[in-house]
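Novice: Following this message is one structure expressed as structure tokens.
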């Protein structure tokens, strides 16, 4: 409302819009529209993410590292905002009336320069810490017992006291990792793409924007999680459409709150 590039809103106003939780569905609808405006670049982007994800999962099984599959899937959500930067670029181009191309989406020139990749490195480090924490939690409850494989993991988790304990502790620790990574990344990557700002300011501002708009952000987080679970249930094939959809929608969430 009256916000222009030449006359930015005061910082407090930028960080709090008092949006209802239902606004998250509006972001999703806007992302859907962006997806189907010149859809081939977005779908190609989603296909590339699917192929890369499938290759990583295949490597985990071939290297007998399937015990970190679930932490790796959770970690994907940590680095997802960085991977989606090309989709933010397409939505930005559509918004500003510039031509859309896959090349512009793959070779993004962020306004912040290398700061966006520095933030990406922090997110990757956070993902690795979470994966290591998950392995340590397993060891604390099951010691040196070998991972039983995906066919038997459910029985081990749900029919033993150790399994229930690991689930409880893992849920709490994983929830803390998820909340922190969501808070620092959901707005910082779009912000670094569009603004000349340093990485730590962007991450700090993202945390402020999330926690000052908790109702709508909690709804948005639930939508992202639900759609990601659909991707997992479909053997990651859903990433071809769902990942671009969430990427474009995330840009609109940034524009709505920033």
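Novice: Against the longest alpha carbon principal axis of the chain, how many degrees, from 0 to 90 and to the nearest 10, is the axis of helix 69-83 turned?
Specialist: 10
Novice: Right, here's the next one. Sorting check: for 242-249, 31-38, which peptide has the highest mean count of neighbouring beta carbons within 10 Å, and how do the rest follow?
Specialist: Order by mean packing, descending: 242-249, 31-38.
Novice: Compute the long axis of helix 161-185 from its Cα atoms, compare it with the longest principal axis of the Cα atoms of the chain, and write down the angle in degrees, 0 to 90, nearest 10.
Specialist: Between helix and principal axis, roughly 20 degrees.
Novice: Grab the DSSP H runs of the chain that are 4 residues or longer, score each as -39,500 (n - 2.57), total them, divide by all residues and round the 222 nm result to the nearest 500 deg cm²/dmol.
Specialist: Taking each H run of at least 4 residues, the total per residue is -25000 deg cm²/dmol.
Novice: Here's another thing I want to ask about it. Quick one: the Cα spread of the chain along its three principal axes, in angstroms, biggest first?
Specialist: For the chain, the Cα extents along the three principal axes come out at 61, 38, 34 Å.
Novice: For helix 239-257, report the angle its Cα long axis makes with the longest principal axis of the Cα atoms of the chain; keep it between 0 and 90° and round to the nearest 10°.
Specialist: 50
No lab work stands behind these numbers, since they all come straight from the coordinates. Source: prediction; values computed, not measured. No Cβ is skipped: glycine too gets one built from the backbone with ideal geometry, and neighbour counts run over all protein chains shown.
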